[in-house]
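As structure tokens, the structure follows; a few thoughts come after it.
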Amino acid sequence: QILVVGPGVKTGVAIRVDHPKEVGADRIVNAAGAYDLYGTSLIVVDFGTAATFDVVAEDGAYLGGAIAPGLQASHDALVRRTSRLRRVELIQPARAIGRTTEEAMQSGIFYGYAGLIAGLVTRLRHEYPKVEKVIATGGLARPMATICDVIDVVELDLTLHGLWCIWHRHGG
């Protein structure tokens, strides 16, 4: 049986935002998976094309969140919009003070992005202080978690787990 997650599909996640149909399925799937794994209020940070920050209430409801450009998208925009900067490998540099253009770009992108993560998670926790756990998922979750002390746990298969939870609710 094929199940497409979208409006009208029973996900087990109450969506408490102004326009529920505008919320991406990936965000609801992550909320379902995270709540199933931890059963508490939390923030899911998904490192994808966009970085999404999703707040889940203590009863599993989706409360909203934030969307920022993803790390790769930020890098690509920087390279595209400047004449002298070239692509670099997106890895954590040895130090923040780059001694080459490549190291400087890696520092600005990697550590700057870590600051964005920490700042948004801190702001979200300030607005919803009941958050007990911050979960990271997506391609850069593991390396970012090593330098972002606001991340409590990495769940690389969170989206798949959320899909399994929703599929299981439909008799799968």
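The values are calculated or read from the model by the stated rules, or taken from the named source; none is laboratory data. Nothing here was measured: the structure is a model prediction, and the numbers come from that model. Cβ coordinates were reconstructed from backbone atoms using ideal geometry, including for glycine residues, and neighbour counts include every protein chain displayed. Just the protein is used for accessible areas: all its heavy atoms, side chains included, with ligands, DNA and RNA removed. Shrake-Rupley method; radii C 1.70, N 1.55, O 1.52, S 1.80 Å.
Odds and ends about this structure:
For (1) in contact with a strand residue (DSSP E or B) (Cβ under 8 Å, 6 or more places away or on another chain); (2) part of a helix (DSSP H, G or I); (3) not acidic (D, E), each residue gets a yes or a no:
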site: Y35; (1), (2), (3): yes, yes, yes
site: V44; (1), (2), (3): yes, no, yes
site: V79; (1), (2), (3): no, yes, yes
site: G98; (1), (2), (3): no, no, yes
site: E103; (1), (2), (3): no, yes, no
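- Boolean, D26 is open to solvent by 30 Å² or more (accessible area, probe 1.4 Å), within 20 Å of W164 (Cα to Cα) and not hydrophobic (A, V, I, L, M, F, W, C): yes
- Residue that is farthest from the chain's Cα centre (by Cα), among those in region 46-62 that are over 13 Å from G162 (Cα atoms) and part of a loop (DSSP other than H, G, I, E, B): D59
- For region 63-72, taking the residues that are within 14 Å of the chain's Cα centre (by Cα) and not in a loop (DSSP other than H, G, I, E, B), the one that is farthest from I117 (Cα to Cα) is identified as G64.
- Test for I91: is it within 22 Å of V45 (Cβ to Cβ) and either in contact with a Cys (Cβ under 7 Å, 6 or more places away or on another chain) or not in a helix (DSSP H, G or I) (or both): yes
- The set of residues in region 88-108 being surrounded by 12 or more Cβ atoms within 10 Å (Cβ to Cβ) and farther than 12 Å from P143 by Cβ consists of V88, A96, G98, T101, E102, E103, A104, M105, S107, G108.
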